[in-house]
Every structure is written in structure tokens, then in C-alpha cells.
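The values are calculated or read from the model by the stated rules, or taken from the named source; none is laboratory data. Because the structure is a prediction, the values reported are computed rather than measured. Quick reminder, even Gly has a Cβ in these numbers, built from the backbone with ideal geometry, and neighbours come from all protein chains shown.
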Amino acid sequence: MAAELPEYYFRVRENGAFVFRVDTANRQRRIEMDQIAVVNIRNGQVKPHGSTQLTEADMAVIEDWMAERRALLAKRNIDDIHRAVDYLNQTTHWVNSDASDSDLEDVTDALLLAMHDLRSVLVRKKADRLMQSVKRRAEG
């Protein structure tokens, strides 16, 4: 089993992870995890834990993990947006076919405001992208 364990373990938290070095080469043949760093995904900061001196190998593993984690979070984020589109479609069907008057009274204002806000931002962002496209064509 010891040969199958990774050399590092990342305990994920909301904005990064605690990084541990996994050690199984001890007399008791127990798994020991020594914290070596704290990673912040948002700002890219890596703080050594206590008096730990991070090696180049440590930093390489941490930087690889950070890149993989950012890619995973970005993938999850866009997947959540696609799910939101599905929820909007399901909500439309519910409003059209199943919602009672009291249900609609309960959610209509919140839905209308959220949809108005979303629509405003989407239209503004779309216009910005179109203007950038026109500028690029004019310059090129």
C-alpha cells in the first residue's frame, strides 16, 4: 500500500489548500502527513508552514496542482452555468404548467429582478464583445 500513496496530499479548502508531505518510510510503517505549506488559489500565494523550507520539487508539485485546480474550477464554473440554463428552462415549464397562483406570487418578483439583472449584464457584455470585434477588423 505504501508504494501507492502520493508523495503530497492537498487538503482542499475554499480558496486553496493545505499542502502535506506524505511519509510512509518510518519505523511504525504508519502514514504520516506533515504540513509544508498553505496555498491560495485566488492570488497564487504559497506560504511555507512554520519553519519549512520548500524545495524546487515541492514548488513544482504545488504549481502543477494549482494549475490543475484552476482548470478544474473553471470547468466546474461553466458546467454550473449550463446547469443554470437547464434550471431556467425547467422553471419556465413549471411556471407554465404546474405553478399555483400562490407559488407565482412567492417567486415572481425575485425571478423578474434576477432575470432583468442577468439580461442587462449579458446585453452589455455582448455589446462590448461586438465593439471589440469591430475595432479589431478596422485595425487589421
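Here are the numbers for this structure:
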read-out	value
Residue count, segment 13-44 (criterion: surrounded by fewer than 15 Cβ atoms within 10 Å (Cβ to Cβ), in contact (Cβ under 8 Å) with a residue 12 or more places away in the chain and closer than 17 Å to R70 by Cβ)	4
Tally, over segment 1-40, of residues that are within 17 Å of A60 (Cβ to Cβ), within 15 Å of the chain's Cα centre (by Cα) and β-branched (V, I, T)	1
W65, sole failed condition from (1) within 29 Å of R119 (Cα to Cα); (2) touching a strand residue (DSSP E or B) at 6+ places or on another chain (Cβ under 6 Å)	(1)
K126 vs. criteria in a helix (DSSP H, G or I) and either of a type outside the set (D, E, K, R) or farther than 30 Å from E4 by Cβ (or both)	yes
Meets criteria (within 30 Å of R21 (Cα to Cα) and surrounded by 13 or more Cβ atoms within 10 Å (Cβ to Cβ)) for V95	no
Residue that is farthest from the chain's Cα centre (by Cα) [pool: residues in segment 45-58 that are surrounded by fewer than 15 Cβ atoms within 10 Å (Cβ to Cβ) and under 20 Å from R70 (Cβ atoms)]	K47
Those strands (runs of 3 or more DSSP E) lying entirely in segment 1-61 with at least 2 residues in contact with a Lys or Arg (Cβ under 9 Å, 6 or more places away or on another chain) and at pLDDT 90 or above	8-13, 16-23, 32-40
Condition met for T108 (in a helix (DSSP H, G or I), touching a residue at least 12 places away in the same chain (Cβ under 8 Å) and more than 30 Å from R11 (Cα to Cα))	no
Cβ pairs under 6 Å, 6+ apart, first in segment 45-60 and free of Cβ contacts under 8 Å to residues at least 60 places away in the same chain, second in a loop (DSSP other than H, G, I, E, B)	P48/L54
Residue in segment 85-98 that is within 30 Å of L122 (Cβ to Cβ), at pLDDT 95 or above and outside any helix (DSSP H, G or I) present	yes
